[in-house]
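Let me begin by presenting the structure, written as C-alpha cells, before commenting on it.
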Amino acid sequence: MQFQQLQYFVAVAETRHFTRAAELVHVAQPSLSQQIKALERELGADLFLRARGNITITDAGEALLPLARRILADADTARREVQELAQLRSGRVRLGATPSLCTGLVPDVLRAFHDRYPGIQLLIEESGSHDLVRDLARGALDLALVVLPLPTPSPALTTVELLREDLVVVSSPDAPAPGRGRRTVRVPDLEGERLVMFRHGYDLRELTVAACRAEGFEPDFAVEGGEMDAVLGFVRAGLGVAVVPRMVATRSGRGLRVTPLARPGLHRTIALAHRSDVAPPRAARELQRMLLER
C-alpha cells in the first residue's frame with residue numbers, strides 16, 4: 001500500500017468521480033484509475049462500484065476511508081513538524097474552539113501568541129464540542145478547547161482542565177429585568193421567561209435545557225437556532241433573555257443587562273484536548289503552554 005494510493009482513494013471517495021479526483025490531485029485520470037485498481041488488488045476488495053460513470057463507495061471503502069484520512073493527516077503533521085524551524089519562525093497551528101470561547105478566551109491568547117511568534121499561521125475552527133472531538137480524532141485539528149464532560153468520552157483524546165466558568169443571564173436594559181429585578185436570578189425564575197436559545201449541538205443549549213428540566217419545567221423559546229453573536233443581538237433587541245458564559249457577557253456586554261445566577265448557579269468546565277496517540281506539532285505545544293499558563 002502506497003501513500004499516494006491513499007491520496008487518490010480519498011480524492012475519489014470525496015468527489016465520487018475519477019476525472020474530478022484526478023484534477024484534484026494533479027494526476028492523469030488513467031494513472032489514478034490504475035493506482036486505485038492496484039490498491040484494490042493489494043487489499044483483496046473492491047473499494048468502489050463503477051456503473052456508467054456512477055461511482056459509489058463499497059463497505060470496504062467505507063471502512064478504509066477514516067483510516068486513510070488519519071494516515072494522510074498524520075503524515076501532513078509529521079511533515080510540518082520536521083519542516084518547522086527551531087526558533088518557531090514558521091509553521092501553523094490548527095485550533096478548534098466553541099463559539100463562546102472564540103468570543104471570550106481565545107482572542108487574548110492568540111494575540112499574545114501572534115506577538116511572540118508572528119511567523120506561525122493560526123487556523124481556527126469554530127464549532128461545538130461534539131464536532132471538535134470528531135475533528136481531533138481524524139487529525140483535522142492539533143488542539144481544541146472543549147466543554148467537559150465530552151459528549152462522547154474518547155480514550156483517544158487527552159484533556160486537561162483549563163478553567164471553570166460561571167454562567168449569567170443577559171437581557172435587554174429596555175425589557176423587564178428577569179427574576180423581578182432581583183440582584184441575582186435563580187434557575188426557577190427562568191420559568192415563564194422567553195429564552196433566546198442556541199442551535200442544536202451548542203453545549204450551552206444542552207446545559208440550560210437540562211437545568212430547567214431539573215427544576216421541573218420546559219424552557220420557553222422566543223428564538224432558537226442562533227450562533228453566539230446572533231443570540232446576543234436578539235437579546236439586545238428585546239426578544240428574550242439568554243444564559244451565556246460570564247466571559248462572553250463581560251466582553252460583549254455593551255447594550256446588555258448582566259444578571260448573575262444565584263448560588264449554586266450554573267457553571268461549565270473548559271478543557272484543552274489533543275490526540276493521545278500523536279504529539280501536537282511544536283508550535284501547537286507552545287500555544288498549549290500559553291493557554292495552560294494564562
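The values are calculated or read from the model by the stated rules, or taken from the named source; none is laboratory data. Remember, predicted model here, so these are calculated numbers, not experimental data. Here Cβ is always computed from backbone atoms with ideal geometry, including for glycine, and neighbour counts include all displayed protein chains. With ligands, DNA and RNA removed, areas are computed over all heavy atoms of the protein, side chains included. Shrake-Rupley method; radii C 1.70, N 1.55, O 1.52, S 1.80 Å.
Values computed for the structure shown
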{"quantity": "The chain, relative contact order [Cα under 8 Å, separation at least 6], %", "calculated": "21"}
{"quantity": "Amide H contacts of S90 (H built 1.01 Å from N, under 5 Å, at least 5 apart or other chain)", "calculated": "L85"}
{"quantity": "At q = 0.09, 0.14, 0.16, 0.21 Å⁻¹, base-10 log of I(q)/I(0) for segment 156-294 (Debye sum, equal scatterers on each alpha carbon)", "calculated": "-0.32, -0.69, -0.83, -1.22"}
{"quantity": "5 angstrom amide H check on F48, placed H, neighbours 5+ away", "calculated": "T58"}
{"quantity": "Rounded percent of accessible protein surface that carbon and sulfur make up, the chain, 1.4 Å probe", "calculated": "50"}
{"quantity": "Whole-number Å³ per residue for the convex hull built on Cα positions in segment 113-201", "calculated": "191"}
{"quantity": "Dipole moment magnitude, nearest 20 debye, the chain about Cα centre, only Lys, Arg, Asp, Glu C-beta charged", "calculated": "560"}
{"quantity": "Approximate spin-label separation D174-R92, in nm, with each point projected 7 Å along Cα-to-Cβ", "calculated": "4.4"}
{"quantity": "Per DSSP, loop trypsin sites (Lys or Arg not before Pro) in segment 132-206 with at most 10 further Cβ within 10 Å", "calculated": "R183"}
{"quantity": "Extended-chain gain in nm, criterion 0.36 nm per residue less alpha-carbon gap, R50 and R186", "calculated": "42.9 nm"}
{"quantity": "Most to least accessible of I124, I270 (protein chains only, probe 1.4 Å)", "calculated": "I124, I270"}
{"quantity": "The chain: DSSP helices with Cα axial extent of at least 27 Å and average Kyte-Doolittle hydropathy no lower than 0.5", "calculated": "none"}
{"quantity": "Paramagnetic label zone (point 7 Å from Cα along Cα-to-C-beta, A237; backbone N under 17 Å) in segment 172-198", "calculated": "172-175, 194-198"}
{"quantity": "Only Lys, Arg (+1) and Asp, Glu (-1) charged, at Cβ; segment 1-155 dipole about Cα centre in debye", "calculated": "320"}
{"quantity": "Positive-end residue of G233, A210, T259, charge dipole of segment 204-263 with Cβ unit charges", "calculated": "T259"}
{"quantity": "Accessible surface, per residue, of the chain when the full set of protein chains is kept, probe 1.4 Å, Å²", "calculated": "51"}
{"quantity": "Gap separating the Cα centres of segment 115-160 and segment 5-67, nearest whole Å", "calculated": "29"}
{"quantity": "Whole-number percent relative contact order across segment 23-83, with pairs defined as alpha carbons under 8 Å at least 6 apart", "calculated": "17"}
